[in-house]
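Asks: Please read through the structure below; I'll follow up with questions.
The values are calculated or read from the model by the stated rules, or taken from the named source; none is laboratory data. Since the model is a prediction, treat every value here as computed from it, not as a measurement. Please note: Cβ atoms are built from the backbone with ideal geometry, for glycine as well, and neighbour counts cover all protein chains shown.
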Amino acid sequence: MDKHEKGIEIDPYRPDLPLTKWNGSYGGDQKRLPKVVQKLVLRRPLTPEEKAELLWRFYEIEQGARARRGLLWLLFAIVVVIGCVAGYLLYTHHVPLLAALAPPR
């Protein structure tokens, strides 16, 4: 892999994206794919360095997706807990506004 593909010296006039800027998706334009991926599409053999770089990039993409998924689950759990606490407080009339509206005991 050359320096452009590794992201060391990015050439803005080359049509292919360096692996550091590539998000793993395919937008339909084969010239925009990194050279390593173009070699994969054409079923050409990759050097060990290219294989390692590609595997590392896919690992980074997967880790980012797992981190986002974990944050979304955490956010969902926090919203559920807040909803349960709010529902309990409303049900037991611990919210002062609802206590004022309730009939006297």
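This table checks each residue for (1) loosely packed, with under 10 Cβ neighbours inside 10 Å; (2) among the β-branched types (Val, Ile, Thr); (3) in contact with a strand residue (DSSP E or B) (Cβ under 7 Å, 6 or more places away or on another chain); (4) at pLDDT below 75.
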{"site": "4", "(1), (2), (3), (4)": "no, no, no, yes"}
{"site": "35", "(1), (2), (3), (4)": "no, no, no, no"}
{"site": "42", "(1), (2), (3), (4)": "yes, no, no, no"}
{"site": "49", "(1), (2), (3), (4)": "no, no, no, no"}
{"site": "71", "(1), (2), (3), (4)": "no, no, no, no"}
{"site": "83", "(1), (2), (3), (4)": "no, no, no, no"}
{"site": "86", "(1), (2), (3), (4)": "no, no, no, no"}
{"site": "95", "(1), (2), (3), (4)": "no, yes, no, yes"}
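Asks: Does residue 12 satisfy being in a loop (DSSP other than H, G, I, E, B) and at pLDDT 80 or above?
Replies: Taking the combined requirement at face value, the residue satisfies it.
Asks: Might you let me know whether the range 41-60 holds any residue that is assigned to a helix (DSSP H, G or I), within 30 Å of residue 19 (Cβ to Cβ), among the acidic types (Asp, Glu) and without any contact (Cβ under 8 Å) to a residue 40 or more places away in the chain?
Replies: Among the residues of the range 41-60, at least one is assigned to a helix (DSSP H, G or I), within 30 Å of residue 19 (Cβ to Cβ), among the acidic types (Asp, Glu) and without any contact (Cβ under 8 Å) to a residue 40 or more places away in the chain, which makes the answer yes.
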